[in-house]
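Take a look at the structure set out below.
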Amino acid sequence: MRRMTSYVLTRGIAVIALAILGLILVSPAFAVDTFIKDKEEGWFWYQREPEPPEPKPVPKRVVPPPAAPTPPKKAEPPKPSALSVEWFQKEYPQILNAAIDDPTAENVQKYRYATRVMLDKASNFTHVFQRQSLLDPLLDESIRTPFSSAARGSFQALTDRERTEAVNSINKAAGLWVFLDDKCPFCALQYPLVSRTAKERGFMVTYITPDGKRPSWMSPRDELLADSGQSKYLRIGVRPAVALVIPPAKITVLTQGMLSQDLLEERILHAGDEAGLLSADLRKKAFPNERGLLTPDDIKEIGMDLDSNPNGLTTNVQQRIEKRF
(Lines give C-alpha, C1' and ligand atoms only; values in the text may rest on other atoms or scores of the structure.)
Protein backbone atom coordinates (compact mmCIF):
# COMPACT_ATOMS: atom_id res chain seq x y z
CA MET A 1 0.00 0.00 0.00
CA ARG A 2 2.78 2.33 0.90
CA ARG A 3 4.56 1.34 -2.31
CA MET A 4 1.44 2.09 -4.33
CA THR A 5 1.10 5.49 -2.86
CA SER A 6 4.73 6.24 -3.52
CA TYR A 7 4.27 5.29 -7.17
CA VAL A 8 1.28 7.56 -7.68
CA LEU A 9 3.08 10.44 -6.07
CA THR A 10 6.12 9.84 -8.20
CA ARG A 11 3.99 9.84 -11.38
CA GLY A 12 2.18 13.09 -10.36
CA ILE A 13 5.45 14.84 -9.73
CA ALA A 14 6.72 13.72 -13.12
CA VAL A 15 3.63 15.04 -14.91
CA ILE A 16 3.92 18.41 -13.16
CA ALA A 17 7.60 18.56 -14.06
CA LEU A 18 6.84 17.92 -17.73
CA ALA A 19 4.18 20.60 -17.73
CA ILE A 20 6.55 23.14 -16.23
CA LEU A 21 9.23 22.21 -18.72
CA GLY A 22 6.79 22.73 -21.58
CA LEU A 23 5.96 26.17 -20.32
CA ILE A 24 9.62 27.03 -20.03
CA LEU A 25 10.28 25.92 -23.60
CA VAL A 26 7.32 27.80 -25.02
CA SER A 27 7.45 31.07 -23.09
CA PRO A 28 10.93 32.28 -24.16
CA ALA A 29 10.10 31.77 -27.81
CA PHE A 30 6.88 33.81 -27.42
CA ALA A 31 8.68 36.55 -25.50
CA VAL A 32 11.52 36.74 -28.03
CA ASP A 33 9.06 36.93 -30.88
CA THR A 34 7.13 39.70 -29.21
CA PHE A 35 10.31 41.65 -28.51
CA ILE A 36 11.50 41.34 -32.10
CA LYS A 37 8.14 42.45 -33.42
CA ASP A 38 8.00 45.57 -31.26
CA LYS A 39 11.72 46.42 -31.24
CA GLU A 40 11.17 49.81 -33.01
CA GLU A 41 9.48 51.13 -29.90
CA GLY A 42 12.65 50.68 -27.78
CA TRP A 43 12.16 51.45 -24.17
CA PHE A 44 9.06 53.44 -24.96
CA TRP A 45 7.07 50.39 -25.47
CA TYR A 46 3.88 51.87 -24.16
CA GLN A 47 1.45 53.19 -26.77
CA ARG A 48 -0.80 56.20 -26.79
CA GLU A 49 -4.44 55.57 -26.76
CA PRO A 50 -5.80 55.89 -30.32
CA GLU A 51 -7.60 59.14 -30.89
CA PRO A 52 -11.28 58.76 -31.29
CA PRO A 53 -12.39 58.87 -34.92
CA GLU A 54 -13.71 62.18 -36.13
CA PRO A 55 -17.45 62.16 -36.09
CA LYS A 56 -18.94 61.79 -39.47
CA PRO A 57 -20.69 64.98 -40.61
CA VAL A 58 -24.36 64.76 -40.12
CA PRO A 59 -26.00 65.38 -43.49
CA LYS A 60 -27.96 68.55 -43.50
CA ARG A 61 -31.61 68.01 -43.61
CA VAL A 62 -33.03 69.47 -46.76
CA VAL A 63 -36.17 71.28 -45.87
CA PRO A 64 -38.53 71.22 -48.85
CA PRO A 65 -39.92 74.62 -49.82
CA PRO A 66 -43.34 75.30 -48.48
CA ALA A 67 -46.05 74.28 -50.82
CA ALA A 68 -47.77 77.11 -52.63
CA PRO A 69 -50.95 78.04 -50.87
CA THR A 70 -54.01 76.79 -52.58
CA PRO A 71 -55.78 79.77 -54.10
CA PRO A 72 -59.14 80.36 -52.57
CA LYS A 73 -62.00 79.30 -54.67
CA LYS A 74 -63.61 82.14 -56.49
CA ALA A 75 -67.00 82.86 -55.20
CA GLU A 76 -69.59 82.27 -57.83
CA PRO A 77 -71.32 85.46 -58.90
CA PRO A 78 -74.82 85.79 -57.55
CA LYS A 79 -77.51 84.66 -59.89
CA PRO A 80 -79.43 87.49 -61.52
CA SER A 81 -82.92 88.17 -60.37
CA ALA A 82 -85.49 86.24 -62.34
CA LEU A 83 -86.90 88.16 -65.30
CA SER A 84 -84.38 90.98 -64.87
CA VAL A 85 -82.52 92.34 -67.91
CA GLU A 86 -79.44 90.38 -66.90
CA TRP A 87 -81.57 87.25 -66.54
CA PHE A 88 -83.01 87.72 -70.04
CA GLN A 89 -79.52 88.25 -71.49
CA LYS A 90 -78.48 84.86 -70.12
CA GLU A 91 -81.61 82.74 -70.17
CA TYR A 92 -83.62 84.04 -73.12
CA PRO A 93 -81.25 82.71 -75.84
CA GLN A 94 -81.34 79.29 -74.17
CA ILE A 95 -85.12 79.30 -74.08
CA LEU A 96 -85.21 80.25 -77.74
CA ASN A 97 -82.65 77.59 -78.71
CA ALA A 98 -84.56 74.93 -76.81
CA ALA A 99 -87.77 75.87 -78.62
CA ILE A 100 -86.03 75.71 -82.00
CA ASP A 101 -84.14 72.47 -81.35
CA ASP A 102 -87.12 70.72 -79.77
CA PRO A 103 -90.31 72.57 -80.83
CA THR A 104 -92.69 70.89 -78.47
CA ALA A 105 -95.80 72.74 -77.41
CA GLU A 106 -94.32 73.25 -73.96
CA ASN A 107 -90.99 74.68 -75.20
CA VAL A 108 -92.58 77.02 -77.75
CA GLN A 109 -95.14 78.21 -75.21
CA LYS A 110 -92.37 78.94 -72.70
CA TYR A 111 -90.51 80.96 -75.32
CA ARG A 112 -93.59 82.97 -76.29
CA TYR A 113 -94.48 83.86 -72.73
CA ALA A 114 -90.89 84.81 -71.99
CA THR A 115 -91.05 87.06 -75.04
CA ARG A 116 -94.30 88.57 -73.79
CA VAL A 117 -92.71 89.46 -70.46
CA MET A 118 -89.71 91.01 -72.18
CA LEU A 119 -91.88 93.12 -74.50
CA ASP A 120 -94.05 94.28 -71.62
CA LYS A 121 -90.95 95.35 -69.71
CA ALA A 122 -89.88 97.37 -72.76
CA SER A 123 -93.33 98.94 -73.05
CA ASN A 124 -93.28 99.95 -69.39
CA PHE A 125 -89.93 101.64 -69.92
CA THR A 126 -91.18 103.39 -73.08
CA HIS A 127 -94.25 104.78 -71.34
CA VAL A 128 -92.19 106.33 -68.56
CA PHE A 129 -89.61 107.58 -71.05
CA GLN A 130 -92.27 109.35 -73.12
CA ARG A 131 -93.96 110.76 -70.05
CA GLN A 132 -90.67 112.27 -68.92
CA SER A 133 -90.31 113.98 -72.32
CA LEU A 134 -93.77 115.50 -72.00
CA LEU A 135 -93.45 116.68 -68.40
CA ASP A 136 -89.80 117.77 -68.25
CA PRO A 137 -89.05 120.76 -70.55
CA LEU A 138 -85.33 119.99 -70.50
CA LEU A 139 -86.05 116.58 -72.06
CA ASP A 140 -88.67 117.81 -74.55
CA GLU A 141 -87.06 117.88 -78.01
CA SER A 142 -90.01 119.84 -79.42
CA ILE A 143 -88.66 122.91 -77.64
CA ARG A 144 -85.77 123.01 -80.10
CA THR A 145 -87.69 121.85 -83.18
CA PRO A 146 -91.51 121.75 -83.23
CA PHE A 147 -93.06 118.43 -84.25
CA SER A 148 -96.49 119.62 -85.36
CA SER A 149 -96.97 120.52 -89.03
CA ALA A 150 -98.33 124.03 -88.41
CA ALA A 151 -95.61 124.96 -85.95
CA ARG A 152 -92.89 123.38 -88.04
CA GLY A 153 -93.69 125.58 -91.06
CA SER A 154 -93.58 128.78 -89.04
CA PHE A 155 -90.43 127.68 -87.25
CA GLN A 156 -88.67 126.89 -90.54
CA ALA A 157 -89.61 130.26 -92.02
CA LEU A 158 -88.25 132.05 -88.95
CA THR A 159 -85.06 130.02 -89.06
CA ASP A 160 -84.54 130.87 -92.74
CA ARG A 161 -84.80 134.60 -91.96
CA GLU A 162 -82.35 134.26 -89.08
CA ARG A 163 -79.89 132.39 -91.28
CA THR A 164 -80.19 134.97 -94.03
CA GLU A 165 -79.35 137.67 -91.52
CA ALA A 166 -76.35 135.65 -90.33
CA VAL A 167 -75.09 135.15 -93.91
CA ASN A 168 -75.50 138.88 -94.60
CA SER A 169 -73.27 139.61 -91.59
CA ILE A 170 -70.46 137.48 -93.00
CA ASN A 171 -70.05 139.67 -96.10
CA LYS A 172 -68.44 142.38 -93.98
CA ALA A 173 -65.34 140.24 -93.46
CA ALA A 174 -65.28 137.77 -96.38
CA GLY A 175 -65.63 137.53 -100.15
CA LEU A 176 -65.92 134.80 -102.79
CA TRP A 177 -63.54 133.36 -105.35
CA VAL A 178 -65.33 131.59 -108.19
CA PHE A 179 -63.32 129.36 -110.53
CA LEU A 180 -64.89 129.10 -114.00
CA ASP A 181 -63.92 127.93 -117.45
CA ASP A 182 -65.53 128.89 -120.75
CA LYS A 183 -65.17 125.25 -121.88
CA CYS A 184 -67.09 123.96 -118.85
CA PRO A 185 -70.87 123.62 -119.54
CA PHE A 186 -71.75 123.59 -115.83
CA CYS A 187 -69.83 126.80 -115.25
CA ALA A 188 -72.36 128.65 -117.42
CA LEU A 189 -75.12 127.28 -115.17
CA GLN A 190 -73.30 128.04 -111.91
CA TYR A 191 -72.43 131.63 -112.82
CA PRO A 192 -75.95 133.16 -112.54
CA LEU A 193 -76.56 131.38 -109.19
CA VAL A 194 -73.36 132.78 -107.71
CA SER A 195 -74.02 136.19 -109.20
CA ARG A 196 -77.50 136.33 -107.65
CA THR A 197 -76.21 135.15 -104.27
CA ALA A 198 -73.53 137.80 -104.28
CA LYS A 199 -76.03 140.51 -105.17
CA GLU A 200 -78.64 139.48 -102.58
CA ARG A 201 -76.18 138.82 -99.73
CA GLY A 202 -73.80 141.67 -100.53
CA PHE A 203 -70.65 139.63 -101.23
CA MET A 204 -67.73 140.84 -103.31
CA VAL A 205 -66.90 138.21 -105.95
CA THR A 206 -63.74 137.64 -107.95
CA TYR A 207 -64.04 135.29 -110.91
CA ILE A 208 -60.97 133.32 -111.97
CA THR A 209 -60.47 131.59 -115.33
CA PRO A 210 -57.46 129.53 -116.47
CA ASP A 211 -56.26 132.12 -119.01
CA GLY A 212 -57.92 135.28 -117.69
CA LYS A 213 -60.28 135.48 -120.68
CA ARG A 214 -63.86 136.44 -120.00
CA PRO A 215 -66.44 133.79 -120.97
CA SER A 216 -69.11 134.87 -123.39
CA TRP A 217 -71.87 134.48 -120.80
CA MET A 218 -70.15 136.58 -118.10
CA SER A 219 -71.10 140.20 -117.38
CA PRO A 220 -68.42 142.72 -118.37
CA ARG A 221 -68.86 144.41 -114.96
CA ASP A 222 -67.63 141.37 -112.97
CA GLU A 223 -64.04 141.34 -111.71
CA LEU A 224 -61.99 138.75 -113.58
CA LEU A 225 -58.48 137.38 -112.91
CA ALA A 226 -56.25 134.81 -114.56
CA ASP A 227 -55.43 131.70 -112.51
CA SER A 228 -51.92 132.39 -111.25
CA GLY A 229 -51.70 129.39 -108.96
CA GLN A 230 -54.79 129.84 -106.81
CA SER A 231 -56.44 126.62 -108.01
CA LYS A 232 -53.22 124.65 -107.48
CA TYR A 233 -52.80 126.05 -103.98
CA LEU A 234 -56.40 125.15 -103.10
CA ARG A 235 -56.17 121.77 -104.90
CA ILE A 236 -59.11 122.54 -107.14
CA GLY A 237 -59.43 120.03 -109.93
CA VAL A 238 -63.10 120.44 -110.85
CA ARG A 239 -64.88 123.53 -112.09
CA PRO A 240 -67.06 125.34 -111.24
CA ALA A 241 -65.61 125.83 -107.76
CA VAL A 242 -66.39 128.41 -105.08
CA ALA A 243 -64.21 129.43 -102.11
CA LEU A 244 -64.90 131.74 -99.17
CA VAL A 245 -61.95 134.09 -98.71
CA ILE A 246 -61.37 135.73 -95.32
CA PRO A 247 -58.38 138.09 -95.40
CA PRO A 248 -55.58 137.88 -94.77
CA ALA A 249 -55.06 134.13 -95.23
CA LYS A 250 -58.18 132.13 -94.40
CA ILE A 251 -59.64 130.39 -97.48
CA THR A 252 -62.27 127.64 -97.36
CA VAL A 253 -63.33 125.76 -100.51
CA LEU A 254 -67.12 125.54 -100.41
CA THR A 255 -67.74 123.37 -103.43
CA GLN A 256 -66.14 121.74 -106.45
CA GLY A 257 -69.03 121.21 -108.82
CA MET A 258 -72.36 122.88 -109.38
CA LEU A 259 -74.36 123.87 -106.30
CA SER A 260 -77.81 125.47 -105.81
CA GLN A 261 -78.18 128.89 -104.20
CA ASP A 262 -79.67 127.66 -100.91
CA LEU A 263 -76.95 125.05 -100.42
CA LEU A 264 -74.27 127.59 -101.32
CA GLU A 265 -75.61 130.00 -98.70
CA GLU A 266 -75.74 127.19 -96.13
CA ARG A 267 -72.06 126.41 -96.71
CA ILE A 268 -71.16 130.09 -96.50
CA LEU A 269 -72.94 130.19 -93.14
CA HIS A 270 -71.06 127.17 -91.75
CA ALA A 271 -67.70 128.34 -93.07
CA GLY A 272 -68.26 131.79 -91.55
CA ASP A 273 -69.25 130.24 -88.24
CA GLU A 274 -66.15 128.02 -88.31
CA ALA A 275 -64.04 131.15 -88.84
CA GLY A 276 -65.70 132.91 -85.90
CA LEU A 277 -67.49 135.57 -87.96
CA LEU A 278 -70.86 135.17 -86.19
CA SER A 279 -71.80 136.87 -82.96
CA ALA A 280 -73.16 134.72 -80.12
CA ASP A 281 -76.68 136.07 -80.65
CA LEU A 282 -76.67 135.50 -84.42
CA ARG A 283 -75.26 132.03 -83.99
CA LYS A 284 -77.94 130.99 -81.50
CA LYS A 285 -80.67 132.16 -83.89
CA ALA A 286 -79.08 130.62 -86.99
CA PHE A 287 -78.60 127.19 -85.36
CA PRO A 288 -81.71 126.65 -83.20
CA ASN A 289 -81.17 122.89 -83.11
CA GLU A 290 -78.10 123.43 -80.94
CA ARG A 291 -80.03 125.14 -78.15
CA GLY A 292 -79.74 123.17 -74.95
CA LEU A 293 -77.12 120.89 -76.52
CA LEU A 294 -74.36 119.77 -74.17
CA THR A 295 -70.92 120.52 -75.58
CA PRO A 296 -68.03 118.02 -75.46
CA ASP A 297 -66.51 120.11 -72.64
CA ASP A 298 -69.78 119.96 -70.70
CA ILE A 299 -69.83 116.18 -70.94
CA LYS A 300 -66.21 115.89 -69.79
CA GLU A 301 -66.88 118.10 -66.78
CA ILE A 302 -69.99 116.13 -65.86
CA GLY A 303 -67.94 112.93 -65.99
CA MET A 304 -65.26 114.43 -63.73
CA ASP A 305 -67.90 115.58 -61.22
CA LEU A 306 -69.32 112.06 -61.06
CA ASP A 307 -66.06 110.82 -59.51
CA SER A 308 -66.74 112.89 -56.38
CA ASN A 309 -70.54 112.82 -56.50
CA PRO A 310 -71.84 109.59 -58.11
CA ASN A 311 -75.47 110.51 -57.31
CA GLY A 312 -75.31 113.99 -58.84
CA LEU A 313 -75.77 113.07 -62.50
CA THR A 314 -79.35 114.29 -62.90
CA THR A 315 -78.87 117.62 -61.13
CA ASN A 316 -75.56 118.32 -62.86
CA VAL A 317 -76.94 117.64 -66.34
CA GLN A 318 -80.05 119.73 -65.70
CA GLN A 319 -77.99 122.74 -64.65
CA ARG A 320 -75.76 122.58 -67.71
CA ILE A 321 -78.65 122.12 -70.14
CA GLU A 322 -80.32 125.22 -68.70
CA LYS A 323 -77.16 127.23 -69.37
CA ARG A 324 -77.19 126.14 -73.03
CA PHE A 325 -80.69 127.43 -73.77
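The values are calculated or read from the model by the stated rules, or taken from the named source; none is laboratory data. Keep in mind that what you see is a predicted model, and the values were worked out from it rather than measured. Glycine also receives a Cβ, built like all others from the backbone with ideal geometry; neighbour counts cover every protein chain displayed. The protein model used for the area step is the full one, side chains on, heavy atoms only, and it has no ligands, DNA or RNA in it. Shrake-Rupley method; radii C 1.70, N 1.55, O 1.52, S 1.80 Å.
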Quick one: what do you get for the range 250-310 if you divide its Cα Rg by 2.2 N^0.38 Å? 1.62
With equal scatterers on the alpha carbons only and no solvent term, can you work out the Debye log10 of I(q)/I(0) for the range 209-255 at 0.21, 0.26 1/Å? -0.86, -1.16
What are the residues whose amide H is under 5 Å from the amide H of T255, where those residues sit 5 or more places off or on another chain and H is modelled from the backbone? V242
Under 5 Å, built H, 5+ apart or other chain: amide partners of I208: V178, F179, L180, L225
Along its three principal axes, how long is the range 74-154 when you only count alpha carbons? Whole Å, largest extent first please. 59, 38, 15
Of the listed links K183/K284; K199/K250; K90/K323; K79/K323; K250/K285, those spanning more than 32 angstrom between alpha carbons are K183/K284; K90/K323; K79/K323
Under the Debye formula (equal points on every Cα, no solvent term), log10 I(q)/I(0) of the range 210-325 at q = 0.20 Å⁻¹: -1.15
Cβ under 14 Å from D262's Cβ, D262 left aside: what net charge do those residues give with Lys, Arg +1 and Asp, Glu -1? +1
With the 1.4 Å probe rolled over protein heavy atoms, the range 166-216 has an accessible area per residue in Å² of 49 Å²
